[in-house]
Amino acid sequence: MRYVIIGAGAVGGTIGVRLSQAGHDVTLVARGAHLAAIQERGLTLAAPDGEYTARLPAVADPAGLTLEPDTALVLAVKSQDTDAALATWADTPVRGGGTAAQRLPLLTAQNGVSNEPAALRFFAHVIGVCVWLPAVFLRPGEIEANAAPYTGILHLGRYPEGPADDRVHKISAELAASSFLAPVRVDVLRWKYGKLLRNLNNGPQALFGDAVDPELSRRISAEGMAVLDAAGIAYASEAEDRAERGDRMRHRPIAGRERSGNSTWQSLARGAGSVETDHLNGEIVLLGRQHGVPTPVNEAVQRAVRRAVRDRIPAGEFPRSELLPDLTDG
């Protein structure tokens, strides 16, 4: 199949480069200085197995494009950019008639669980993806992916959930031949809700760096699990996630460098102007309000990360005592 990667950052860029290395037709979608760098000198992926520069077509939007009917769209923008991306690409014409939203599969390679219902408002064929892919995007035209021997795990499944069709299995096989584990799931949202619980600590790590108070992490996770339990939402356990990764996806240094930080940390470090916390911790806050479960710690994380973005507080330098005073007061 052909692939259009909408959002060629850390995750999308890594998927795009690995697919191109396996011989697939890949078009990257990016913006600003990152787009200019890719168009000028290609997209460079540094990984434990070496460095590779992919010289791929790169565009800002679908203007003037006609997509082929064997194309899959991979949505890899942050959740706060999903609605704009869907509206931009939905009506792109497909050769032979119809539009992307009518005919082509859309893969949601994103954190959080709000993207799949948003995508289904536009696209008839949505494939949810639970992404475990440690990667870094800090400089235009350059990304790093730190896992080996597999680059990442991409759980795939139809949304709404049900038996996978031939296209899901074909995409899974092509990803599996491109350095990914890509199991097909009938319960992909269960895996995505499990990943959501793990992502709840992205905000504190972005605010404070690696030294996050274990009690803070415990309270964040406990609120998340209490909310999902109250809502009757199933989620994959940490033990299941660890068993899936095993020795097949281990963090490895690249040229002596460890991974810089999670995706929220990277957004603050780049001064991106927005982060996805309102779709991670904010999802727990939303469900908590709907089901009568208090979520004060996740609410505090939301407020603090929004302030860090607004006041341009660098990653790792948020005043620790200002997140949740009752924690620091003992």
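The values are calculated or read from the model by the stated rules, or taken from the named source; none is laboratory data. Since this is a predicted model, take the numbers as computed values, not measurements. Reconstructed Cβ throughout: ideal geometry from the backbone, glycine too, with neighbour counts over all protein chains shown. Ligands, DNA and RNA are excluded from the accessible area calculation, which covers all protein heavy atoms including side chains. Shrake-Rupley method; radii C 1.70, N 1.55, O 1.52, S 1.80 Å.
Please count how many residues of region 135-187 are of a type in the set (Ser, Thr, Tyr) and in contact with a Lys or Arg (Cβ under 7 Å, 6 or more places away or on another chain).
Summing the residues that are of a type in the set (Ser, Thr, Tyr) and in contact with a Lys or Arg (Cβ under 7 Å, 6 or more places away or on another chain) in region 135-187 gives 4.
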Checklist entry - Scanning region 172-211 for residues that are assigned to a helix (DSSP H, G or I) and of a type in the set (Ser, Thr, Tyr), which turns out nearest to Val297 (Cα to Cα)? => result Tyr193
Checklist entry - Restricted to region 36-60, and to residues that are touching a strand residue (DSSP E or B) at 6+ places or on another chain (Cβ under 6 Å) and open to solvent by less than 20 Å² (accessible area, probe 1.4 Å), which residue is farthest from Gly271 (Cα to Cα)? => result Ala54
Checklist outcome for this item: For region 286-310, the count of residues that are farther than 21 Å from Phe208 by Cα and of a type in the set (Val, Ile, Thr) equals 1
Next on the checklist: Contact list please: Cβ distance under 7 Å, first residue in region 213-236 and in contact (Cβ under 8 Å) with a residue 60 or more places away in the chain, second residue open to solvent by 70 Å² or more (accessible area, probe 1.4 Å), pairs at least six apart or on different chains.
Outcome noted: Val227/His291; Ala230/His291; Ala231/His291
Item to check | Pair list, Cβ < 7 Å and 6+ apart or interchain, from region 97-114 residues that are under 21 Å from Lys78 (Cα atoms) to residues that are open to solvent by 10 Å² or more (accessible area, probe 1.4 Å) and assigned to a loop (DSSP other than H, G, I, E, B) | outcome: Ala101/Asp91; Ala101/Phe122; Ala101/Ala124; Ala109/Ala76; Gln110/Ala76
Next on the checklist: Given the criterion farther than 27 Å from Arg306 by Cα and open to solvent by less than 40 Å² (accessible area, probe 1.4 Å), identify the matching residue among Phe180, Phe208.
Outcome noted: Phe180
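Yes or no: Arg250 open to solvent by 80 Å² or more (accessible area, probe 1.4 Å), basic (Lys, Arg), in contact (Cβ under 8 Å) with a residue 40 or more places away in the chain and out of contact with any Cys (no Cβ under 9 Å at 6 or more places or on another chain)?
Considered against the rule, which asks whether it is open to solvent by 80 Å² or more (accessible area, probe 1.4 Å), basic (Lys, Arg), in contact (Cβ under 8 Å) with a residue 40 or more places away in the chain and out of contact with any Cys (no Cβ under 9 Å at 6 or more places or on another chain), Arg250 comes out as yes.
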Checklist outcome for this item: For region 28-46, pairs from a residue that is closer than 14 Å to Leu138 by Cα and at pLDDT 95 or above to a residue that is hydroxyl-bearing (Ser, Thr, Tyr) and assigned to a helix (DSSP H, G or I), with Cβ under 6 Å and 6 or more apart or across chains, are none
Item to check | Condition check for Ala90: of a type in the set (Gly, Ala, Ser), surrounded by fewer than 21 Cβ atoms within 10 Å (Cβ to Cβ), touching a strand residue (DSSP E or B) at 6+ places or on another chain (Cβ under 9 Å) and in contact (Cβ under 8 Å) with a residue 12 or more places away in the chain | outcome: yes
Checklist outcome for this item: Counting only residues that are open to solvent by less than 50 Å² (accessible area, probe 1.4 Å) and either assigned to a helix (DSSP H, G or I) or over 20 Å from Gly316 (Cα atoms) (or both), region 212-245 contains a total of 16
Checklist outcome for this item: When region 144-162 is checked residue by residue, the ones that are open to solvent by 10 Å² or more (accessible area, probe 1.4 Å) and closer than 21 Å to Thr44 by Cα are Glu144, Ala148, Pro149, Tyr150
Checklist entry - Counting only residues that are in contact with a helix residue (DSSP H, G or I) (Cβ under 6 Å, 6 or more places away or on another chain) and closer than 19 Å to Pro134 by Cβ, how many does region 211-240 have? => result 2
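Conditions (1) surrounded by fewer than 22 Cβ atoms within 10 Å (Cβ to Cβ); (2) farther than 25 Å from Arg270 by Cβ; (3) in contact with a strand residue (DSSP E or B) (Cβ under 6 Å, 6 or more places away or on another chain); (4) modelled with pLDDT under 95, marked per residue:
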| position | (1), (2), (3), (4) |
| --- | --- |
| Ala109 | no, no, yes, no |
| Ser114 | no, no, no, no |
| Pro117 | yes, yes, no, no |
| Phe122 | yes, yes, no, no |
| His125 | yes, yes, yes, no |
| Cys130 | no, no, yes, no |
| Val136 | no, no, yes, yes |
| Arg139 | yes, no, no, yes |
